[in-house]
Amino acid sequence: MRLARVSPSTGEVAVVAVNDADVLRLDLTQVEKCHKLSDILHSKDPAGLARFLIDPNAAPIPIDDVRFLAPIDQQEVWAAGVTYKRSQIARMEESDSAASHYDKVYTADRPELFFKANAARVSGPGQVVRVRHDSNWSVPEPEFTLVISPQGHLVGYTIGNDMSARDIEGENPLYLPQAKVYNQCAGLGPCIQLAEGDLDKVATTIRLNIERAGKSVFKGETNLGQMAREFEDLIRWLTRENDIPNGAFMMTGTGIVPPDDFTLHDGDSVSIDIAGIGTLTNPVVKESYPE
Ligand code: DO4
Ligand code: MG
């Protein structure tokens, strides 16, 4: 079952169950203390509660009549790094001084985890993601993203874009927070696939398409079977002596890195498609900034 936050043509924010061609509105007023999507996600039985809340009196809304919003309320957004061989190689290429750190973290027991964003820095479907004005080498990172409850349970999956300034990170690994965290540095959406049953990792393809002036300038593909870390292990490390009272999203790392001579331009469009979840498309903006 897929859930989303949408803005129907009437303007307000609604929580909906997402079908292929339409969405079904959930009536959250039926349950006490249930006001937003995360209240459902963080309940004991998110799928059962969502099914119960589907409003039998509301007509299905055609999917093209709604605007999908980022599926985030107050959760923190965290990210894991160097979880695919492709990312390990790319980081070692971009940084002379830190190459051995990336090499070691790929096989170490403790993963690389970093704070990525709060809700205010996150863009939903169709909203711009930003390239820093002081970066000349930036890429999107298409990442399978875990939805984690305050109790540390894996409750769902979505699509994440971990926008990254490779030149800033490559210059000095201590600049990682600036390479990763800034206004509109992350994309999330369009919906959350609830974690029900086993996930076929190899069948879970992740595709990236970057368009410039309507033409594709980079395409890449991987699948979750290529990832070197287990979800539960990443969650265990994230929540080790680190409470997440509002829950968290965790981007699980990129397995697709464009060639080293590629950088995003102002006006590009980034589309990330993950099997079973959908497609997250965001226009890219890079603009001058008053110093
Ligand atoms: O250490 C750099 C960040 C790596 C990352 O974001 C990724 O592998 O996805
Ligand atoms: Mg990343």
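Positive-end ranking of Thr83, His153, Val257 along the dipole of the chain, with charges on Cβ about the Cα centre, is headed by His153.
Rolling a 1.4 Å probe across all protein chains gives Thr281 an accessible area of roughly 50 Å².
Might you tell me the accessible area per residue for the chain, computed with a 1.4 Å probe and given in Å²?
Numbers: 13150 Å² over 291 residues.
Result: 45 Å² per residue.
Report, in debye and to the nearest 20, how large the dipole of the chain comes out about its Cα centre when Lys and Arg carry +1 and Asp and Glu carry -1 on their Cβ.
Numbers: 28 positive and 42 negative charges, 36 e Å.
That gives a dipole near 180 debye.
Largest first, the extents of the alpha carbon coordinates of segment 2-68 on the three principal axes equal 32, 21, 21 Å. Taking Ile244, Ile40, Ile256 as the candidate residues, the one with maximal mean-square fluctuation in a Gaussian network model of the chain, Cα springs under 10 Å, is Ile244.
Based on the alpha-carbon gyration tensor of segment 76-285 and its eigenvalue square roots a ≥ b ≥ c, which shape applies: rounded if a/c is under 1.5, prolate if not and a/b is larger than b/c, or oblate? Please report the intermediate quantities before stating the final value.
Working: a/c = 1.40, a/b = 1.15, b/c = 1.22.
Rounded shape, in that the Cα axes give a/c under 1.5.
Largest accessible area first, the listed residues Asp167, Asp65 line up as Asp65, Asp167 when surface is computed with a 1.4 Å probe on the assembled protein chains.
Here segment 76-285 exposes an accessible surface that is 48 percent carbon and sulfur, computed with a 1.4 Å probe and the other protein chains kept in place.
Computed over protein heavy atoms with a 1.4 angstrom probe, the accessible surface ordering of Glu232, Glu94, largest first, is Glu232, Glu94. Based on alpha carbons, the Rg and Dmax found for segment 104-195 are 14.2, 40 Å. For the chain, there are no membrane-span-like helices by this rule, meaning no whole DSSP H stretch whose C-alpha atoms cover at least 20 Å of axis and whose Kyte-Doolittle mean is 1.6 or above; this says nothing about an actual membrane.
With a ≥ b ≥ c taken as the square roots of the eigenvalues of the C-alpha gyration tensor of segment 51-102, please select rounded if a/c is under 1.5 and otherwise prolate if a/b is larger than b/c or oblate if it is not?
Working: a/c = 4.31, a/b = 3.33, b/c = 1.29.
It is prolate, given that a/c is not under 1.5 and a/b is the larger ratio.
Taking all protein chains as shown and a probe of 1.4 angstrom, Asp96 keeps an accessible surface of around 140 Å².
When the accessible area of segment 2-68 is split by element with a 1.4 Å probe, what percent falls to carbon and sulfur?
Numbers: 1870 of 3730 Å².
Carbon and sulfur atoms account for 50 percent of the accessible area of segment 2-68.
Distance from the C-alpha centroid of segment 209-269 to that of segment 126-162: 6 Å, rounded to the whole angstrom. Magnitude of the charge dipole for segment 200-291, about its Cα centre and with charges confined to Cβ atoms of Lys, Arg (+1) and Asp, Glu (-1), is about 260 debye.
The values are calculated or read from the model by the stated rules, or taken from the named source; none is laboratory data. Remember, predicted model here, so these are calculated numbers, not experimental data. Cβ sites come from the backbone with ideal geometry, for glycine too, and all protein chains shown count toward neighbours. The protein model used for the area step is the full one, side chains on, heavy atoms only, and it has no ligands, DNA or RNA in it. Shrake-Rupley method; radii C 1.70, N 1.55, O 1.52, S 1.80 Å.
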